[in-house]
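No value in this document is a laboratory result; all are computed from the given coordinates. Predicted model only: the values in this text are computed from it and were never measured. Don't worry about glycine lacking a Cβ; one is built from the backbone with ideal geometry, like all the others, and counts go over all protein chains shown.
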Amino acid sequence: MIEYLSAFLNAYLTENLLELGLTTGMVESLVRGGLILLVLLLSWVAHRVSQGPINRSIEKFAHYTIQQWDDILVEKHIVKRILYFIPLILLYVLSSPILTGTSLLPLSQTLISVLFLIAGMMFLDAILSALLAIYGKSAIAKEISIIPFVQVLKLGLYFVTGILLLSLLLQKTPLYFLSGLGALTAVLMFVFKDVLMGFVAGIQLIANKMVAPKDWIEMPKYGADGDVIEITLTTVKVQNFDNTITTIPTYALINESFKNWRNMNLSGGRRIKRYVNIDLGSIKFCSSEMLERFKRIQLISQYIQNRQEEILVYNKKHQVDESTLVNGRRLTNIGVFRSYVEAYLRQHPMIHKDMTFLIRQLSPSENGLPIEIYVFCKDTNWTAYEAIQADIFDHILAVVPEFDLRVFQEPSGSDFQKIAL
């Protein structure tokens, strides 16, 4: 078509322009220039149409479908970048016949090839981004992040594209540039040290399932205490609980120690480990009056009755002289308190009964006798967990005086004022 149009214009313009004193060569140049402008105009129109009505129609169609993957293709501009090839193909097909036999043909083919290469790179880059987005919506993405691998593929894509661009512009074989890079291996290793270390570290992190997006990790050295939001080729981003962002080198998670709380969420239980210090001066044997009072506490009523019968049988069997409290076996208020705390927590709906459940004494110290509560909460959500833990210790601290015990507390200003009075 272009050949026929060129021949027609040459014949028509030659008859009319030769009369004006123009030479045949000048007429051919004018015709070729006009055709080049026409091809550029057609390519521009094709670009506007493809990026306008055609692209919008495809986007609307994708939004109407049920599948999500086509929405991702549109979001990552894959369709838009495919349409870049329409004006380039048109430009390549129409310009070659016009410039055949001229010195501009090699230059035009080189420039069009460069545009094709850049468009191809952008298309492949969009495909990788779309694959990453589609993968991110899968269940396995919560355990294994492929962001580092996709970033490596993109770096490789940019590198290959750069080599091919230089090859096209300088008219050299790609092997020419690759052979030159061999001599710069040491320099490249130094420049891309973090990238290489991050890539190797990323493989180890993923292979060993050491960390995944949304994991709660602690790494005090870097001030990190929060959820992992992104694992990239060179860095791991952690959103701390104060909404600050901490960036950790990927290889640091391999070379150094960090705490990952993922298993806590998977197990369905979050540990409560806290103790109450009891004043040693308030610990004593239980009197009959105290035991009668404690029996009215429903959670331990049966326990006290059973223990009294057991102790009575033991003391009779061993002919214990009960005139002195030291002789034989007796209940203590601290022992009854521990039993109450255990009974209270065992009937608590938010405490795991199948996980470690421990109410124990620690070694006495200058701060009294620690009674440690070591149990697991069923709700691992931080806010709910803290509320449940607070409710439990609100109750425990409030019932301590009911057992004739006192919570240890160092003297404050008001205590000294009472002494002065």
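A few notes on this one:
- If you look at the Cα atoms of region 205-267, you get an Rg and a Dmax of 10.6, 31 Å.
- Put a dot 7 Å past the Cα of Q51, heading toward its Cβ, do the same for N208, and the two dots end up 4.8 nm apart.
- Taking 0.36 nm per residue of sequence separation and removing the Cα-Cα distance, the F159/D379 pair yields an extension gain of 74.3 nm.
- Estimated inter-spin distance, E289 and I245, nm [label 7 Å along Cα→Cβ]: 6.8
- When the Cα positions of I206, I217, T244 are compared along the charge dipole of region 205-267, I206 comes out farthest toward the positive end, with charges on each C-beta of Lys, Arg, Asp and Glu.
- Selection of GluC sites (Glu not before Pro), region 333-386, meeting DSSP coil and at most 13 other Cβ within 10 Å: E366
- Length added when fully stretched, L105-K353, from 0.36 nm per residue minus Cα-Cα: 81.1 nm
- Q302 versus Q361: modelled label distance in nm, points set 7 Å from Cα along the beta carbon direction: 2.6
- Per-residue ³J(HN,Hα) for region 231-248, Karplus 6.51 cos²θ - 1.76 cosθ + 1.60, θ = phi - 60°, Hz, x for Gly and Pro: 10, 10, 5, 10, 9, 10, 9, 10, 8, 5, 6, 9, 6, 7, 10, 10, 10, 10
- Shape parameters for region 26-176, alpha-carbon atoms, Rg then Dmax in Å: 19.7, 70
- Euclidean distance between Cα centres, region 59-94 to region 330-407, Å: 63
- Spin-label proximity, L175 to region 151-167 - amide N less than 20 Å from point 7 Å beyond Cα toward beta carbon: 160-167
- Pairwise Cα distances in region 270-420 exceed 20 Å in 58 percent of cases.
- Charging the Cβ of each Asp and Glu at -1 and of each Lys and Arg at +1, and nothing else, the dipole of region 270-420 about its Cα centre rounds to 440 debye.
- At an R0 of 51 angstrom, the distance between the Cβ atoms of I134 and A398 translates into a FRET efficiency of 0.40.
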